[in-house]
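Let me begin by presenting the structure, written as structure tokens, before commenting on it.
The values are calculated or read from the model by the stated rules, or taken from the named source; none is laboratory data. Since the model is a prediction, treat every value here as computed from it, not as a measurement. Cβ sites come from the backbone with ideal geometry, for glycine too, and all protein chains shown count toward neighbours. Side chains are part of the model used for accessible areas, which takes the heavy atoms of the whole protein and leaves out ligands, DNA and RNA. Shrake-Rupley method; radii C 1.70, N 1.55, O 1.52, S 1.80 Å.
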Amino acid sequence: DKRRDEAAQLTGGKPVTDYRKVLDDPDIDYVLVATPEHWHAQITLDAASAGKHIYCEKPMTYSIEEARKVVAKVKATGVKMQVGVQGMSD
């Protein structure tokens with residue numbers, strides 16, 4: 001809580017404690033999923049269901065089963081999704 005509040009004060013951001021509030025905000029077009037890895041799939045699925053475009057840090061999911069669900073949801077909703085690849089160079 002302390003770091004969240006300090007970051008919000010520094011940046012002028014609006015702190016939230018439940019990511020679903022961000023997904024409910026009609027002014028938000030896309031989200032960056034930069035959470036602990038075991039949360040990536042669920043937040044990505046929820047974001048796609050909310051119609052938000054997604055940039056997700058790697059790994060996209062924790063398992064192949066989760067990855068299949070994410071791919072199916074992204075295809076079904078038509079949102080754009082990008083997974084970050086660290087360490088790549090031109």
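One table, with the values for the structure above:
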| read-out | value |
| --- | --- |
| Nonlocal amide H pairs with G84, under 5 Å, H built at 1.01 Å | C56, E57, K58 |
| Three-way shape call for region 4-60 based on the alpha-carbon gyration tensor, with the a/c threshold at 1.5 | oblate |
| Accessible area in square angstrom per residue, region 1-79, 1.4 angstrom probe | 72 Å² |
| Relative contact order, percent, the chain [alpha-carbon distance under 8 Å, six or more residues apart] | 24 percent |
| Net charge dipole size for the chain [Lys, Arg +1 and Asp, Glu -1 on Cβ; Debye, nearest 20] | 220 debye |
| Accessible carbon and sulfur surface of the chain relative to its total accessible area, %, 1.4 Å | 51 percent |
| Net lengthening on full extension, E65/L10 (0.36 nm per residue, minus Cα-Cα) | 15.9 nm |
